[in-house]
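Student: Mind having a look at this structure? Questions to follow.
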Amino acid sequence: GGLVKTGPSWSLPGECSWRCLVFYLCFYGFMAQMRPGESFITPYLLGPSKNFTQEQVTNEIMPVLSYSYMLVLVPIFLLTDYLRYKPVLLLQGLSYVSVWLLLLLGRSVLHMQLMEFFYSVTMAARIAYSSYIFSLVRPARYQRMAGLSRAAVLLGVFTSSVLGQLLVTAGGVSFTTLNYVSLAFLTFSLLLALFLKRPKRSLFFNRGAPLHAASPSELGPMRPGPAPPRELPAARGDNVLARMLRELGASLRRPQLRLWSLWWVFNSAGYYLIVYYVHILWNVVRPATDSARVYNGAADAASTLLGAMTSFAAGFLKIRWALWSKLVIAGITAAQAGLVFLLFSSYSIWPCYAAFVLFRGFYQFLVPIATFQIASSLSKELCALVFGVNTFFATILKTVITLIVSDKRGLAPPSDPRQPLTRPPCAVISGAFPARRPVSRSLWGSHRPSPRAAGLRSEVCVWRHLSTQH
């Protein structure tokens with residue numbers, strides 16, 4: 001029943017034990033998403049329980065999330081690998097508990113700002129879950145683990161949103177009680193994390209023997225062509241960070257990588273600005289005077305379900321990307337910008353809900369395609385690093401926009417609460433495709449696609465898989 005070494009990976013002997021490990025990990029991933037009160041945090045803060053003003057939530061509390069996330073993202077990324085995942089999972093669990101304790105017990109703006117800081121820690125620590133589970137199994141099982149772990153997370157988010165909506169609408173449960181339910185679920189998931197096994201190896205700092213070559217995956221049919229370049233060697237005794245930076249510099253010479261990384265930075269920045277501020281917009285359009293008529297949970301559940309369907313469908317889309325990529329990206333990006341404009345201009349809650357659901361569905365459709373394009377020519381180490389750098393630059397862009405248009409200390413604090421939500425994201429999303437145009441001609445004229453192994457997507461796509469579900 002103990003762990004046995006199998007090359008670079010660690011797995012439990014016997015098919016039954018392996019299935020038990022997979023079940024436990026997926027169950028933990030499911031329970032960690034059970035936060036039925038999350039969809040209703042904004043009306044809770046603006047309601048009689050906390051009685052914060054619209055300006056306090058928009059201009060003083062919410063901006064802290066962007067600032068603190070930018071500060072903790074890189075340290076937690078490095079600590080996740082250095083400490084071998086489990087301690088960061090425990091940190092995430094403790095931070096979630098701290099978030100809901102502050103929500104329930106906090107009374108001042110400072111308490112809510114501290115709550116936003118702990119929530120930023122949970123966001124940055126999402127990488128630990130996917131990285132952890134793939135460090136425990138052989139490369140041959142990466143693809144299966146990727147599907148199972150993603151399904152567990154999506155099912156948890158969907159179930160949490162549906163449960164929250166049912167408790168509020170059908171059960172008449174108050175937002176305060178809903179947050180106590182969320183705290184109970186999160187405490188249970190923290191206890192589950194205590195019993196997780198700690199891996200012996202990680203991707204960068206605890207590599208040990210060279211990683212096994214990964215097995216073929218569903219990426220192969222999408223990216224036929226010659227084999228990708230070999231991984232860059234790492235000399236013994238080299239500083240790990242210095243080696244990572246050298247490899248990153250070499251990878252940036254690839255025009256394909258530059259193009260899709262630009263898309264990732266711009267579109268992710270706009271996406272998360274929408275996710276951060278859309279609940280405030282909904283409260284503007286329909287103030288939460290009657291909690292039974294607040295359908296934020298239903299909108300989050302529908303957007304999660306549609307996002308899962310479009311993301312899944314993207315994996316089976318077989319077109320000549322060298323020919324049609326620009327058209328697909330341009331069309332979807334224009335549709336996203338149109339949906340953001342609908343959010344901005346509508347004075348009915350139902351078009352706002354529908355626009356948000358479709359917006360997330362479009363984003364979830366393009367993200368796996370961008371992931372395939374970026375990962376196809378990189379080693380696992382470089383892929384993890386590139387996704388981390390892209391996420392960091394998207395965070396910087398998002399933070400700068402927040403500072404300028406949302407923070408009360410910004411250059412032009414908006415008088416209209418819709419402005420921080422819609423105008424910057426609309427500009428960012430609309431500009432994402434034109435920003436790519438200067439490099440697209442050289443890319444699509446000379447690109448020769450190449451296949452890549454399953455381990456790429458499963459180990460490093462955590463930079464977008466978990467975060468995009470929220």
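The values are calculated or read from the model by the stated rules, or taken from the named source; none is laboratory data. Quick caveat: nothing in here was measured; it's all calculated off a predicted structure. Every residue, glycine as well, gets a Cβ built from its backbone with ideal geometry; the counts of neighbours run over all protein chains shown. Surface areas here come from the heavy atoms of the whole protein model, side chains and all, with no ligands, DNA or RNA. Shrake-Rupley method; radii C 1.70, N 1.55, O 1.52, S 1.80 Å.
Student: Can you work out the Karplus-derived ³J(HN,Hα) for every residue in the range 187-199? Use 6.51 cos²θ - 1.76 cosθ + 1.60 with θ = phi - 60°, whole Hz, and x for glycine or proline.
Tutor: Karplus-based 3J(HN,Hα) across the range 187-199 equals 5, 5, 5, 5, 5, 4, 5, 5, 9, 6, 6, 9, x Hz.
Student: Return the whole-Å distance between the Cα centroid of the range 62-119 and the Cα centroid of the range 23-58.
Tutor: Cα centres, the range 62-119 to the range 23-58: 14 Å.
Student: So which chymotrypsin sites (Phe, Trp or Tyr not before Pro) in the range 320-355 end up in coil per DSSP with only 14 or fewer other C-beta atoms within 10 Å?
Tutor: Y347
Student: Let me ask you something else. Using protein chains only and a probe of 1.4 angstrom, how many square angstrom of K197 are accessible, to the nearest 10?
Tutor: Probe radius 1.4 Å; accessible area of K197 about 100 Å².
Student: Ordering V181, V400 by how much accessible area each has at a 1.4 Å probe, largest first, what is the list?
Tutor: V400, V181
Student: Here is a follow-up. Would you pull out the residues with amide H under 5 Å of G106's amide H, same chain only if 5 or more places away, H placed 1.01 Å from N?
Tutor: none
Student: Let me ask something else about it. Could you order I319, I76 by accessible surface area, starting with the largest, using a probe radius of 1.4 Å?
Tutor: Largest accessible area first, the list is I319, I76.
Student: With a 1.4 Å probe and all protein chains kept in place, how much accessible area does T402 have, in Å² rounded to the nearest 10?
Tutor: About 0 Å², rounded to the nearest 10.
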